[in-house]
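A short write-up of the structure that comes next.
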Amino acid sequence: MSNRPYIVGNWKMHGTRAMLAEARAIDRAAERLLKVEVALAPPFTLIHATRKEANLIGIGAQDVHSADGGAHTGDISAAMVKDAGAGFTIVGHSERRANHGETNALVKEKAEAAIAAGMNVIVCVGETEEERDAGKAESAVADQLASSVPVGDGVAEKVTIAYEPVWAIGTGRTPTAEDVGAMHRHIREKLGSLYGEEGADVRILYGGSVKPDNAAELLTADDVGGALVGGASLTAESFLGIIMAAAEAHEDKS
């Protein structure tokens with residue numbers, strides 16, 4: 001595992017070819033900020049074009065189907081997005097879990113399919129507001145980890161975990177750095193149960209209303225290895241503010 005912070009932009013259902021200018025600007029800046037590993041997950045329609053325009057950063061998909069191919073109208077397989085230029089995929093985002101009824105078992109199948117196709121995966125986990133208020137945040141995340149994360153020989157090095165408290169995604173609300181650090185330490189412990197010693201090297205990203213003005217505090221919390229960024233990754237200006245904060249946080253931790 002690289003010890004560089006990993007900052008991933010999730011464009012969600014945003015983006016036409018006009019936004020390739022933002023990707024180019026992010027890519028050019030990444031050349032100067034070598035202490036940070038940067039990636040973008042544009043919509044399926046822009047994966048190939050973004051890969052052609054941005055050579056220095058990682059390009060990934062926001063989701064894949066669990067099957068290699070077949071009668072699945074409107075779905076995209078891991079092999080297809082890899083062929084388009086994606087090197088990784090996000091799976092299990094809370095919006096997929098909530099809006100499409102994705103179960104832990106399905107998320108795990110998707111992650112396994114992506115790894116089998118030669119891709120890396122970012123597996124998302126996170127509790128709802130109701131679970132946190134009921135004191136069940138850690139148990140909810142532990143259940144998702146146990147049932148969503150792929151295991152096996154050589155798998156750990158292909159997996160990144162993204163902790164996204166559901167109640168903080170797109171709401172402008174963020175947990176305190178202490179809360180983030182506590183959950184990331186809990187996730188690290190569970191990764192040890194899943195992967196043994198290799199679990200210590202799996203990166204854990206924080207996601208949930210990450211912005212340039214709060215990134216520095218969040219990225220210095222315990223066991224935070226980067227960020228999965230939503231709306232703030234849609235423009236180079238705001239995304240680069242987070243990337244620069246990550247570079248400074250890395251300096252402080254070193």
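Summary of computed values
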quantity	calculated
Residue among Glu217, Glu198, Glu248 that is more than 15 Å from the chain's Cα centre (by Cα), modelled with pLDDT of 95 or more and surrounded by fewer than 19 Cβ atoms within 10 Å (Cβ to Cβ)	Glu198
Given (1) open to solvent by less than 60 Å² (accessible area, probe 1.4 Å); (2) more than 14 Å from the chain's Cα centre (by Cα), number of the condition Arg173 does not satisfy	(1)
Pair list, Cβ < 8 Å and 6+ apart or interchain, from segment 134-147 residues that are in contact (Cβ under 8 Å) with a residue 12 or more places away in the chain and farther than 18 Å from Val107 by Cα to residues that are part of a helix (DSSP H, G or I) and open to solvent by less than 50 Å² (accessible area, probe 1.4 Å)	Ala137/Met183; Glu138/Met183; Glu138/His186
Residues of segment 108-118 classified as open to solvent by less than 50 Å² (accessible area, probe 1.4 Å) and either within 16 Å of His93 (Cβ to Cβ) or part of a helix (DSSP H, G or I) (or both), total	5
Cβ-Cβ under 6 Å pairs, at least 6 apart or on other chains, segment 228-243 side modelled with pLDDT of 95 or more, far side among the charged types (D, E, K, R)	Ala232/Lys211; Thr235/Glu22; Ala236/Glu22
Criterion: of a type outside the set (Gly, Ala, Ser) and touching a helix residue (DSSP H, G or I) at 6+ places or on another chain (Cβ under 7 Å) - qualifying residue of Asp252, Asp222	Asp222
Residue that is surrounded by the most Cβ atoms within 10 Å (Cβ to Cβ), among those in segment 138-167 that are out of contact with any strand residue (DSSP E or B) (no Cβ under 7 Å at 6 or more places or on another chain) and of a type in the set (Val, Ile, Thr)	Val166
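The values are calculated or read from the model by the stated rules, or taken from the named source; none is laboratory data. Since we're looking at a predicted model, the values are computed, not measured. Quick reminder, even Gly has a Cβ in these numbers, built from the backbone with ideal geometry, and neighbours come from all protein chains shown. These accessible areas exclude ligands, DNA and RNA; they are computed on the full protein's heavy atoms, side chains included. Shrake-Rupley method; radii C 1.70, N 1.55, O 1.52, S 1.80 Å.
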